[in-house]
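Contents: one structure, followed by commentary.
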Amino acid sequence: MTIINGIRIKDRPVHNLPVNKELQGYACKNRKAGNLAEIVFWLQVHGKSFHGLDFDRQNVIGNYIVDFYVKRLGLVVEIDGGSHNEKMDYDARRDACLEELGLRVFRTTDYDVLQHVGIVLEDLRKFIVENYEHEVPNKEEIPKNLKFQRDGLSANLPYYYPALRAPLLK
């Protein structure tokens, strides 16, 4: 479980993502070459140094190579260079395709990474909290002993069990 500033983050891995194997060699070359903004970002997040999250660089998803991917969250991080100004339609289609697969996309610019990496990391933290916060009800809102009914069986629960999403009875 990931906790960011005391907030529990819900894992949202996306399984069985399509991979265009023809792009894997190109992704490997991109990893080795890298651009300055990606290297600066990587130095901030590699080795689970950003809230314990594991970032992969230049990952192939479908027919795309994404800059960074956090498998545990189903999160793509894209760092756009100056050439992306002319490719806004392409980026929108690409984001829509990735989102159809169940992924979330966080975008920033290479300029922001190079000039304000701390702000970029704070924006990423906020994005993760807003999109992945695990909602847990306040203890005061939950009766101490709940009675639930599931598949015709009744039982008392000592507290809160998120796996049991059956209608609760008092």
Over the range 102-127, the set of residues open to solvent by 60 Å² or more (accessible area, probe 1.4 Å) and outside any helix (DSSP H, G or I) is R104, R107
For the range 12-31, which residues satisfy the criterion of being surrounded by 14 or more Cβ atoms within 10 Å (Cβ to Cβ) and within 17 Å of the chain's Cα centre (by Cα)? R12, V14, L17
Take the residues in the range 1-34 that are modelled with pLDDT of 90 or more and among the polar types (S, T, N, Q); name whichever of them is farthest from V113 (Cα to Cα). N16
Which count do you get for residues in the range 27-49 that are in contact with a strand residue (DSSP E or B) (Cβ under 9 Å, 6 or more places away or on another chain) and outside any helix (DSSP H, G or I)? 2
Determine whether N16 is without any contact (Cβ under 8 Å) to a residue 12 or more places away in the chain and not in a helix (DSSP H, G or I). yes
Can you tell me which residue in the range 32-88 is farthest from the chain's Cα centre (by Cα), limited to those that are of a type in the set (A, V, I, L, M, F, W, C) and open to solvent by 30 Å² or more (accessible area, probe 1.4 Å)? A33
Is it the case, given these coordinates, that L101 is touching a Leu at 6+ places or on another chain (Cβ under 7 Å), in contact (Cβ under 8 Å) with a residue 40 or more places away in the chain and within 26 Å of F50 (Cα to Cα)? yes
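The values are calculated or read from the model by the stated rules, or taken from the named source; none is laboratory data. Remember, predicted model here, so these are calculated numbers, not experimental data. When we count neighbours, we look across all protein chains shown, and the Cβ atoms used for this are built from the backbone with ideal geometry, even at glycine. Keep in mind that these areas ignore ligands, DNA and RNA; they rest on the heavy atoms of the full protein, side chains included. Shrake-Rupley method; radii C 1.70, N 1.55, O 1.52, S 1.80 Å.
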